[in-house]
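Visitor: Take a look at this one; I'll ask things after.
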Amino acid sequence: MGRRTVYFTDSERRAAKRAQHAKYSKSEKGRAAQARYLAKRSQPPPLPPPPSPPPTSATVASCVRLPDDMLSRARVYNPVSSSYREVYGPDLGLRTHPYTFKMPDAKTLALVEEDSDEPLDLKLHTLQSRWLCAEGTLRFEEWSAGQDDGVEIVAAGTTELKARIRAWRAVAADTRWTNLARQLREVYLDWGAKQAVWLAEELDVRQKGCKVYAAASSDLPPQVLSRTNQEYLDNMSA
């Protein structure tokens, strides 16, 4: 081992360190280290990592364009009959794909009109309302039992929603209907609008998860409609 140098004062120690550093800087090894340091300083600093995308908050209603006139019709309450009890009748094409308007034949309309003396359109409004509430209950049972994220449910529901909007737009743009057909077309447009808009709203809730969907059961459109119908009928009989 080499002999260890003994310094008697701090100034001697600092002077020795400076001399050692100067000697190293002039050596080949010191010059190489200095070159690496300068090269590193001349490089631009690394770019910061890109920010994480914000969590998506897109709703079905915001991703699928709902026509303004469809939204307007969906907000209007259509009265129902207190005495019309039938559960079968013309659905005007609203219950099956492709959801286009179907004009009932004369025999079907005659059967509906024979049931009571109430206006035909009131009976049809009552039927559509009754079906919407019943199907809403079945849908809630099905959607409550699916996967929590509801990806498949929302995807299938969105496909149905787009088909309903396409069919509704086509009927709304077709003004050739006259007389009775025009009257039934109005019923179709009223309930076609409600079916589409309310489906979009329910899908928005379902995509938040099963627990959120279950907790919102009483505020889903079919349940709200059922209560509104009952309040309307109670007021009519008061």
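The values are calculated or read from the model by the stated rules, or taken from the named source; none is laboratory data. All values derive from a computational prediction rather than experimental measurement. FYI the Cβ positions are ideal-geometry reconstructions off the backbone, even for glycines, and counts take in every protein chain you see.
Visitor: Within segment 202-224, identify whether any single residue is assigned by TED's automatic domain parsing to the domain that holds SER72, more than 27 Å from TYR88 (Cα to Cα), buried (at least 17 other Cβ atoms within 10 Å of the Cβ) and of a type in the set (Phe, Trp, Tyr), and answer yes or no.
Guide: yes
Visitor: Could you go through segment 229-237 and let me know if any residue there is surrounded by 13 or more Cβ atoms within 10 Å (Cβ to Cβ), under 19 Å from TYR84 (Cβ atoms), in the same structural domain as LEU94 (by TED's automatic domain parsing) and not polar (S, T, N, Q).
Guide: The answer is yes; a qualifying residue exists.
Visitor: Consider segment 107-124. How many of its residues are touching a helix residue (DSSP H, G or I) at 6+ places or on another chain (Cβ under 8 Å) and not hydroxyl-bearing (Ser, Thr, Tyr)?
Guide: Of the residues in that region, 8 qualify.
Visitor: Tell me the residue from ALA145, ALA196, ALA214, ALA238 that is in contact with a helix residue (DSSP H, G or I) (Cβ under 6 Å, 6 or more places away or on another chain) and modelled with pLDDT under 95, please.
Guide: Values: ALA145 fails: in contact with a helix residue (DSSP H, G or I) (Cβ under 6 Å, 6 or more places away or on another chain); ALA196 fails: modelled with pLDDT under 95; ALA238 fails: in contact with a helix residue (DSSP H, G or I) (Cβ under 6 Å, 6 or more places away or on another chain).
One residue alone meets the criteria, ALA214.
Visitor: For ALA173, which of the numbered conditions (1) modelled with pLDDT of 95 or more; (2) surrounded by 13 or more Cβ atoms within 10 Å (Cβ to Cβ) fails to hold?
Guide: Checking ALA173 against (1) modelled with pLDDT of 95 or more; (2) surrounded by 13 or more Cβ atoms within 10 Å (Cβ to Cβ), the one that fails is (2).
Visitor: With the checklist (1) at pLDDT below 95; (2) surrounded by 14 or more Cβ atoms within 10 Å (Cβ to Cβ); (3) farther than 21 Å from GLU202 by Cβ in hand, flag the one item THR100 doesn't pass.
Guide: Against the list (1) at pLDDT below 95; (2) surrounded by 14 or more Cβ atoms within 10 Å (Cβ to Cβ); (3) farther than 21 Å from GLU202 by Cβ, THR100 comes up short only on (1).
Visitor: Another question, if that's okay. Looking at segment 110-122 only, could you name the residues that are under 38 Å from the mean Cα position of the chain (by Cα) and in contact (Cβ under 8 Å) with a residue 24 or more places away in the chain?
Guide: VAL112, LEU120, ASP121, LEU122
Visitor: Among what's in segment 190-238 and is touching a residue at least 24 places away in the same chain (Cβ under 8 Å) and acidic (Asp, Glu), pick the residue that is farthest from VAL151 (Cα to Cα).
Guide: Looking at residues that are touching a residue at least 24 places away in the same chain (Cβ under 8 Å) and acidic (Asp, Glu), I get ASP190.
Visitor: Shifting gears a bit: Restrict the check to segment 80-92 and report whether at least one residue is surrounded by 12 or more Cβ atoms within 10 Å (Cβ to Cβ) and among the basic types (Lys, Arg).
Guide: no
Visitor: Still on this structure, I have one more. Which residue pairs have Cβ atoms under 6 Å apart, sit 6 or more places apart or on different chains, and have a first residue in segment 161-189 that is at negative phi and a second that is of a type in the set (Asp, Glu) and part of a helix (DSSP H, G or I)?
Guide: Qualifying pairs under 6 Å: GLN183/ASP121; VAL187/ASP121.
Visitor: Residues that are closer than 27 Å to PRO119 by Cβ: list the helices (runs of 4 or more DSSP H) wholly contained in segment 147-238 that include at least 1 such residues.
Guide: 151-173, 179-206, 221-237
Visitor: A follow-up question, please. Taking only segment 132-152 into account, find how many residues are within 26 Å of LEU92 (Cα to Cα) and polar (S, T, N, Q).
Guide: 1
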